Amino acid sequence: MNMQFRSGAQQDSASAIKTAIADCDIHPARATPSELYPFLAKRWHEHLATYGKHAYQGMMEGPPYPKAQPNASRRDAYPPKGGPQGSSLSFMQKQLLDPHNVALGVLNPLNTGQGIRNHDLSAALATAINDWQIEKWTSKDSRLKGSIVVENEDGPTAAAEIRKRAGDRNFVQVLLLSRNVEPLGQRRYWPIYEAAQEAGLPVGVHAFGFGGNPITASGWPSYYIEEMVGHSQCQQTALASIVLEGVLEKFPKLKMVMIEAGFGWAPSLAWRLDKVWAKLRSEVPHVKRPPSEYIKDNIWWTTQPMEDPERREHLFQVIEWVGWDKLLFATDYPHWDFDEPSRVLRPGVSDANREAFYLGNAKKLYGV
Amino acid sequence: MTAPIAGGVDCDLHPAVPHLTSLLPYMNDYWRDQVTTRGMTDLLSQSYPTNSPITGRADWRPAKGKPGESVDDLVKQALDPFKTAFGILNPLYGVQLVFSEDMADAFCRALNDWLVKEWLDKDARLRGSIVIPVQSVEKSVVEIERCAKDKRFVQVLMLVSGDMPLGKRHYWPIYATCERLGLPVGVHAGSNYHNPPTSVGWGSYHIEDYVAQAQAFQTQMTSLIVEGVFAKHPNLKMVMLESGFTWLPSYLWRLHKFWRGVRMETPWVDRPPAEIVRSNIRFSLQPVDAPSEPETLNRLFDQLQSDELLLFSTDYPHWQFDGESALPEGLSAGLVHKIMIDNPHATYARLTDSVAKETTP
């Protein structure tokens, strides 16, 4: 829900959150670009100043589709002492963690080293952002846990970063984005899955990213809203690729989290996969079970932006299929499409499901 | 199985062009010479490999040749068993895949003329879709106007994945022409492969391309809605063909939520997206991507909140169902009538035009 446009009349306080919650999608930001420099070799300071990040998109600064708000973030989330939204721990504590009783907050840093064409730079930035997460966030507030950012296009380098961090309880998952040079089921990404499974870490796939492919199979659309909605289609295709290329057959203990891409589409995608697989399975003999089974067993979903049908039973019908044990509550703080914890789950949910949705599933999955 | 009723309209039938050489009689000397001199091969699209199980149902495959090649087979296997009153032919020959707009234009003209002679003239129940050289809007408009004189053409056909998103203003003259002539735009599964076949790149397998059609339809619906195609052309109808429809409710929930959030970006979208879909967009019935138990499907129909969206289709000769169970379990008699008769006639205004003409002295 949009914090700028939402009127008081639409709010309901019937289900205010009194108990602790997990927030499985928080975006920490750097106050200034140079905040990363202590964690980066000198050559990269000069390189960045001279050439920038050389991403898989055309803009040197800012996104190709201008966001609806500065930094796609809430206007009330600017820290009083300056810097962009999400860049101050003390303000995040005050605005998000304390009032909403967040017991576990999972950090998903964006605008890092992913989606960059210079692979050495990408690897250096990934390592730096991981060190920065410990230094600035997780070591300062034990409620916060990091995500291991990796050089997504170079499997062996990414695997080495994962193995380096394995066992470090500052981190609870490996972070990928949905859009890469190839669909996420491709073999080039398998070293990432192998290392994550070995370390017992879930792989979170957050909507977004750049890999050079247009965000539709018909090229580039015109508007920001098309990019926003389109993340869901990218995520569907990435998940189809993961299942059909055999990732979950090869790494059966791998747990994956679909972050910020919705979950309402999960049943229809699974039904389509099952139906088509029944006819075309001779092409993919490595997919041994109906695709829906891999999805039900190995996939978790963060909730924000929660699908919002007119009639709430429609949403509950979808959740019944996905499983109340597979949803992880998330706000997406400090982004503009923040889901307010007390208003997300409308009345009519059992206490056990409510607890699982807000906290239990996340604690179990992330072992916290 | 839910029994079909007589007099229905099958909105998605696929006649196969036996070979590129079959179109030679419909090309001018220059293009006949180009095809032969350059040794051009058959225009088979990766979207439907001839021998893939999905391209032709086993019991609908001829002893030799491509599934869907014979009018007699189509009549016997797709029209007669369902007592179909009208069948709309959507040729999926790879004429849109070429990169030259001149070549595409020549091939589309040949394909449309071939359809008239080899199909429409052979059975009075058959209706056609006009295949257009989409790369050139100017040539597309000319071809639509040329073919539309024959009232048996009831629709214009485009592929769901092409050079640009379908809502782009570039295409609007095509939509203006269609609206003026009462021709719905049918958007069929398939790509011209001028872009990667999915929004995250190239997958390894045919099955990935096929599954990704559903996502391609979703992004095209977003494009058509937010660019304002239906605000500009309120009487234009679009039909999503072989798109699946079980993704529609959750897709609209998401689009609606973001539209509420950022509608200042596209202020001409002055109605909720679901309302635009209900007034202007329709979907062919097959494939039904849902489990076979009726409760699930009826829940989906409830989520759609409309009984006017679906149009009967067998998707012949593609393999979407077995036997004659084109209608999924558990549909009410009223809904069957809507899907098979009322909704197609409300969508395709020209369906009965040529019939009326024949009976007028």
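The values are calculated or read from the model by the stated rules, or taken from the named source; none is laboratory data. None of these values were measured; they are calculated from a predicted model. Cβ atoms come from the backbone with ideal geometry, glycine included; neighbour counts cover every protein chain shown. Quick note on the areas: whole protein, heavy atoms, side chains included, nothing else; ligands and nucleic acids left out. Shrake-Rupley method; radii C 1.70, N 1.55, O 1.52, S 1.80 Å.
Normalised by the number of residues in chain B, what is the relative contact order in percent for Cα pairs under 8 Å and 6+ residues apart? Can you show the working numbers first?
Working: 611 pairs, mean separation 82.7, N = 361.
Answer for chain B is 23 percent.
How big is the charge dipole of segment B:8-359 about its Cα centre, in debye rounded to the nearest 20, if each Lys and Arg gets +1 on its Cβ and each Asp and Glu gets -1 on its Cβ?
For this selection, approximately 740 debye.
Let me check against my output: what whole-number percent is the relative contact order of chain A, with C-alpha pairs under 8 Å and at least 6 apart?
On the way: 653 pairs, mean separation 78.7, N = 368.
Contact order relative to length: 21 percent.
For A:Arg281, what charge total do you get from the other residues with a beta carbon under 12 Å from its beta carbon, if Lys and Arg give +1 and Asp and Glu give -1? Display every interim value, and only then the final one.
Working: positive: A:Lys275, A:Lys279, A:Lys288, A:Arg289; negative: A:Asp274, A:Glu283.
That works out to +2.
Residues of segment B:254-268 losing 50 Å² or more of accessible surface, assembly versus chain alone, probe 1.4 Å, please list them.
For segment B:254-268, once contacts with the other chains are taken into account, B:Arg254, B:Lys257, B:Phe258, B:Arg260, B:Gly261, B:Val262, B:Glu265 lose 50 Å² or more.
Run the helix sum for chain B: -39,500 (n - 2.57) per DSSP H stretch of 4+ residues, divided by residue count, reported at 222 nm to the nearest 500 deg cm²/dmol.
-10000 deg cm²/dmol
Could you sort B:Met1, B:Met103 by their accessible area in this structure, using a 1.4 Å probe and putting the largest first? Each step should come with its number before you reach the end.
On the way: B:Met1 120, B:Met103 20 Å².
Output order, biggest surface exposure first: B:Met1, B:Met103.
Treat segment B:81-125 as a sphere of radius equal to its Kirkwood radius over Cα pairs and apply Stokes-Einstein at 20 °C in a medium of 1.002 mPa s; give the translational diffusion coefficient in µm²/s, rounded to a whole number.
Working: Rh = 12.1 Å.
Answer, rounded: 177 µm²/s.
Partner chain Cβ atoms within 10 Å, averaged over the residues of A:36-45 - can you pull that number for me? Write out the running numbers ahead of the final one.
Working: counts 0, 0, 0, 0, 0, 0, 0, 0, 0, 0.
Other-chain Cβ atoms within 10 Å of each residue's Cβ, averaged: 0.
Can you compute the modelled spin-label distance between A:Glu310 and B:Met264, with each label point 7 Å from Cα toward Cβ, in nm?
If labels sit at A:Glu310 and B:Met264, their model points lie 2.7 nm apart.
For segment B:31-129, take the alpha-carbon Rg, divide it by the Kirkwood Rh, and send me Rg/Rh. All intermediate terms of the calculation are to be shown ahead of the outcome.
Details: Rg = 15.0 Å, Rh = 15.2 Å.
Using Cα coordinates only, the ratio equals 0.99.
Based on alpha-carbon atoms only, what is the radius of gyration of segment A:41-159 relative to the globular estimate 2.2 N^0.38 Å?
Numbers: Rg = 15.8 Å, N = 119, 2.2 N^0.38 = 13.5 Å.
Taking N as the residue count of segment A:41-159, the ratio is 1.17.
Taking R0 as 22 Å, what's the FRET efficiency between B:Ile5 and B:Ala58 from their Cβ-Cβ distance, rounded to 0.05?
Once the sixth-power term is evaluated, E becomes 0.25.
Counting every Cα pair in segment A:225-368, what percent are over 22 Å apart? The partial results should precede the final answer.
Values: 4292 of 10296 pairs.
Roughly 42 percent, rounded to a whole number.
Looking at segment B:261-331, which chymotrypsin sites (Phe, Trp or Tyr not before Pro) are in a loop (DSSP not H, G, I, E or B) and have at most 13 other Cβ atoms within 10 Å?
Details: sites: B:Trp268, B:Phe283, B:Phe301, B:Phe312, B:Trp319, B:Phe321; in loops: B:Trp268, B:Phe312, B:Trp319, B:Phe321.
Passing both the DSSP loop test and the Cβ count: B:Trp268.
Can you check what the net charge comes to around B:Phe245, using other residues whose Cβ is under 10 Å from the Cβ of B:Phe245 (Lys, Arg +1; Asp, Glu -1)? Don't skip to the end; give the middle numbers.
On the way: positive: B:Arg282; negative: B:Asp289.
For residues surrounding B:Phe245, the net value is 0.
Picking from B:Thr266, B:Thr347, B:Thr177, which is most flexible by a Gaussian network model of chain B using Cα springs under 10 Å?
Largest GNM mean-square fluctuation: B:Thr266.
Filter A:Lys67/A:Lys363; A:Lys94/A:Lys136; A:Lys18/A:Lys255 down to the pairs with a C-alpha to C-alpha distance above 24 Å, please.
Numbers: A:Lys67/A:Lys363 33 Å; A:Lys94/A:Lys136 16 Å; A:Lys18/A:Lys255 30 Å.
Result: A:Lys67/A:Lys363; A:Lys18/A:Lys255 exceed 24 Å.
Taking the alpha carbon gyration tensor of chain B, what are the square roots of 5 times its eigenvalues, largest first, to the nearest whole Å?
Details: eigenvalues 167, 126, 89 Å².
Equivalent-ellipsoid dimensions as semi-axes: 29, 25, 21 Å.
For the protein assembly as shown, what is the largest minus smallest coordinate of the Cα atoms on each principal axis, given in angstrom and ordered from greatest to least?
So the extents along the principal axes, rounded to whole Å, are 88, 58, 48.
Convert each backbone phi in segment A:338-344 into a coupling constant with the Karplus relation 6.51 cos²θ - 1.76 cosθ + 1.60 (shift: θ = phi - 60°), then list the ³J(HN,Hα) values in order as whole Hz, x for Gly and Pro.
Per-residue couplings from phi come out as 3, 9, 6, x, 6, 10, 5 Hz.
If amide H atoms are built 1.01 Å from N in the plane of the peptide, which residues on other chains or at least 5 residues away come under 5 Å of the amide H of B:Leu157?
B:Ile130, B:Val131, B:Ile132, B:Gly186
Quantify how much of the Cα-Cα distance distribution of segment B:224-315 extends past 18 Å, in percent. Walk me through the intermediate numbers first.
On the way: 2006 of 4186 pairs.
Across segment B:224-315, Cα pairs with separations above 18 Å total 48 percent.
Pick from A:Val287, A:Val349, A:Val203 the residue whose mean-square fluctuation is largest in a GNM of chain A, springs joining Cα atoms under 10 Å.
It is A:Val349.
Report, in debye and to the nearest 20, how large the dipole of segment B:170-296 comes out about its Cα centre when Lys and Arg carry +1 and Asp and Glu carry -1 on their Cβ. Walk me through the numbers on the way to the answer.
Details: 10 positive and 11 negative charges, 112 e Å.
Dipole size: approximately 540 debye.
Give me the net charge for the shell around B:Tyr193: Cβ to Cβ below 14 angstrom, other residues only, Lys and Arg +1, Asp and Glu -1. Provide the component values of the computation, followed by the final result.
On the way: positive: none; negative: B:Asp163, B:Glu208, B:Asp209.
Every neighbour counted, the sum reads -3.
Using a probe of 1.4 angstrom, how much of the accessible area of chain A is carbon and sulfur, in percent?
Looking at chain A in its full context, I get 52 percent from C and S.
Other chains' Cβ within 10 Å of A:242-253 residues: what's the mean?
Taking all residues of A:242-253 together, the mean is 1.
Of B:Gly68, A:Gly86, B:Ala148, which is farthest towards the positive pole of the protein assembly as shown's charge dipole, taken about the Cα centre with +1 and -1 on the beta-carbons of Lys, Arg and Asp, Glu respectively?
Towards the positive end, the residue furthest out is A:Gly86.
Just for chain A, what percent of DSSP beta bridges are antiparallel, to the closest 5? Provide the component values of the computation, followed by the final result.
Numbers: 2 of 25 bridges.
The antiparallel proportion sits near 10 percent.
Over segment B:92-170, what is the mean sequence separation of C-alpha contacts under 8 Å (at least six apart), divided by residue count, expressed as relative contact order in percent?
RCO, segment B:92-170: 27 percent.
Find the eigenvalues of the gyration tensor of the Cα atoms of segment A:106-243, then list the square roots of 5 times those eigenvalues as equivalent ellipsoid semi-axes, largest first, in whole angstrom.
They are 25, 17, 14 Å, listed largest first.
Note down the magnitude of the dipole of the protein assembly as shown about its Cα centre, charges +1 on Lys and Arg C-beta and -1 on Asp and Glu C-beta and zero elsewhere, to the nearest 20 debye.
Working: 75 positive and 84 negative charges, 245 e Å.
My answer is approximately 1180 debye.
Just counting partner chain Cβ atoms within 10 Å, what average do the residues of peptide B:155-164 show around their Cβ? It would help to have the intermediate numbers written out before the result.
Values: counts 0, 0, 0, 0, 1, 3, 4, 3, 2, 7.
Per-residue shielding by partner chains comes out at 2.
Describe numerically, in nm with one decimal, the distance between label points set 7 Å from Cα along Cα→Cβ at A:Asp120 and at A:Glu35.
That separation, rounded to one decimal, is 2.8 nm.
List the trypsin sites (Lys or Arg not before Pro) within segment A:199-307 that DSSP assigns to loop and that have no more than 12 neighbouring Cβ atoms inside 10 Å.
Numbers: sites: A:Lys250, A:Lys253, A:Lys255, A:Arg272, A:Lys275, A:Lys279, A:Arg281, A:Lys288, A:Lys296; in loops: A:Lys253, A:Lys255, A:Lys288.
In loop regions of segment A:199-307 (DSSP not H, G, I, E or B), the sparsely surrounded trypsin sites (Lys or Arg not before Pro) are A:Lys253, A:Lys288.
Filter the trypsin sites (Lys or Arg not before Pro) in segment A:56-120 down to the DSSP loop ones having no more than 13 other Cβ atoms within 10 Å, then list what survives.
A:Lys81
Could you quote the convex hull projected area for chain A, Cα atoms only and averaged over all directions, in nm²?
Values: hull surface 71.6 nm².
For the Cα atoms of chain A, the hull's average projected area reads 17.9 nm².
Report the residue, chosen from B:Asp289, B:Asp302, B:Asp42, that carries the largest GNM mean-square fluctuation when chain B is represented by alpha-carbon nodes joined by springs under 10 Å.
B:Asp302
Return one whole number: the accessible area per residue of segment B:8-359 in Å², for a 1.4 Å probe.
Details: 11880 Å² over 352 residues.
Value for segment B:8-359: 34 Å² per residue.
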